[in-house]
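The values are calculated or read from the model by the stated rules, or taken from the named source; none is laboratory data. As the structure is a prediction and not an experimental result, all values here were calculated from the model. Reconstructed Cβ throughout: ideal geometry from the backbone, glycine too, with neighbour counts over all protein chains shown. Please note that ligands, DNA and RNA were not included when accessible areas were found on the heavy atoms of the full protein model with its side chains. Shrake-Rupley method; radii C 1.70, N 1.55, O 1.52, S 1.80 Å.
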Amino acid sequence: MSDGKLLVPLYVHPAVDPGAWRTLVGAADLLYGVVLNVADGPGTVRDPAFVAVAEELRAAGVRVLGYVDTAYGRRPTHAVVADLRRHRKWYGTDGVFFDQAAPDAGLLSYYRWLARTARTARAGGSRTVVLNPGVHPAPGYAEFADLLVTFEGSWAMYRAAAAVPAWTSTYPADRFCHLVYDVPARLCGLASRTARLRGAAVHCAVPGSGANPWQGVSPDLTSPDVMSSDLTSPDLTDVAGLRGRHRHQQEENR
């Protein structure tokens, strides 16, 4: 059983795995939201299959967050706004998931403008703005993002992640999210509890790996009785307190 709420980035077409999307609708009460990623964004044409799943999720009371790549602050704002508008017009999204967000203070004004623009009815009418730098960013980002993804990476990286910055303690845990992939299925429950111990009430842990590890739903949803029984295993001792260098896979793209 997972602790907190799940933010699910399900990057698979509904025609390829309709069961995964049905699972999300059935688990609505456990979800913070679902990231809708048609083609690294809204795509260039409206996709009826994604229209249908977005409608089902909204009817179940689930936030639908449109995926928008910001290329670490290098993407022109007009291109970002165009994606926001397409998400809203085609799929009725009520929030945005800004991916590949820059963490440094030098780009605060860029992301503050995007967040403010996303919330306007003309651009996107987003009630929820999520930023995914994948690491702990400069504290100023927490002033305008509803949710910050402060970790995205593999289970091995997560176990060796650096200490949480002190500034995060001034915000509630539901303002932070950890996304962990390549987790052994039986340990996904442990990963979710570790997120809570590290101050992130929102999370998602999946067994997937490779170029797109987010093609399936978390065992926390498909097998709610999955618990981590191996807490005394040598490789899991004090997992929440392990220290090391925090590296994020997306940094390689900078």
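Quick notes on this structure:
- Candidates G95, G106, G73, filtered to the one that is of a type in the set (G, A, S) and under 14 Å from G125 (Cβ atoms): G95
- Condition check for E152: open to solvent by 10 Å² or more (accessible area, probe 1.4 Å), out of contact with any Ser or Thr (no Cβ under 9 Å at 6 or more places or on another chain), within 25 Å of P76 (Cβ to Cβ) and in contact (Cβ under 8 Å) with a residue 40 or more places away in the chain: yes
- Qualifying residues in the stretch 174-196 (those that are in contact with a helix residue (DSSP H, G or I) (Cβ under 9 Å, 6 or more places away or on another chain), open to solvent by 30 Å² or more (accessible area, probe 1.4 Å) and closer than 27 Å to F144 by Cα) - the one modelled with the highest pLDDT: R175
- Subset of the stretch 120-148 (residues that are closer than 17 Å to V64 by Cα and either at pLDDT 95 or above or buried (at least 22 other Cβ atoms within 10 Å of the Cβ) (or both)): G124, S126, T128, V129, V130, L131, N132, A145, D146, L147, L148
- For the stretch 197-245, a residue qualifies if it is part of a loop (DSSP other than H, G, I, E, B), at pLDDT below 50 and either open to solvent by 40 Å² or more (accessible area, probe 1.4 Å) or closer than 16 Å to G33 by Cα (or both), and the qualifying residues are M227, S229, D230, L231, T232, T237, D238, L242, R243, R245.
- Condition broken by G41, with the remaining ones in (1) under 17 Å from the mean Cα position of the chain (by Cα); (2) open to solvent by 60 Å² or more (accessible area, probe 1.4 Å); (3) without any contact (Cβ under 8 Å) to a residue 60 or more places away in the chain satisfied: (2)
- Among the residues of the stretch 2-31, those that are over 22 Å from V68 (Cβ atoms) and either in contact with a Pro (Cβ under 8 Å, 6 or more places away or on another chain) or hydroxyl-bearing (S, T, Y) (or both) comprise S2, T23.
- When the residues of the stretch 1-33 are filtered to those that are in contact with a Phe, Trp or Tyr (Cβ under 9 Å, 6 or more places away or on another chain) and open to solvent by less than 30 Å² (accessible area, probe 1.4 Å), the one that is nearest to L197 (Cα to Cα) is L6.
- Exactly one residue out of D47, D83, D94 is within 16 Å of the chain's Cα centre (by Cα) and of a type in the set (D, E, K, R), and it is D94.
- Within the set A115, A101, the sole residue that is touching a strand residue (DSSP E or B) at 6+ places or on another chain (Cβ under 9 Å), in contact (Cβ under 8 Å) with a residue 12 or more places away in the chain, over 24 Å from H13 (Cβ atoms) and not in a helix (DSSP H, G or I) turns out to be A101.
- Annotation note: of R63, R112, R85, R46, the sole residue that is out of contact with any Lys or Arg (no Cβ under 9 Å at 6 or more places or on another chain), open to solvent by 10 Å² or more (accessible area, probe 1.4 Å) and at pLDDT 95 or above is R112.
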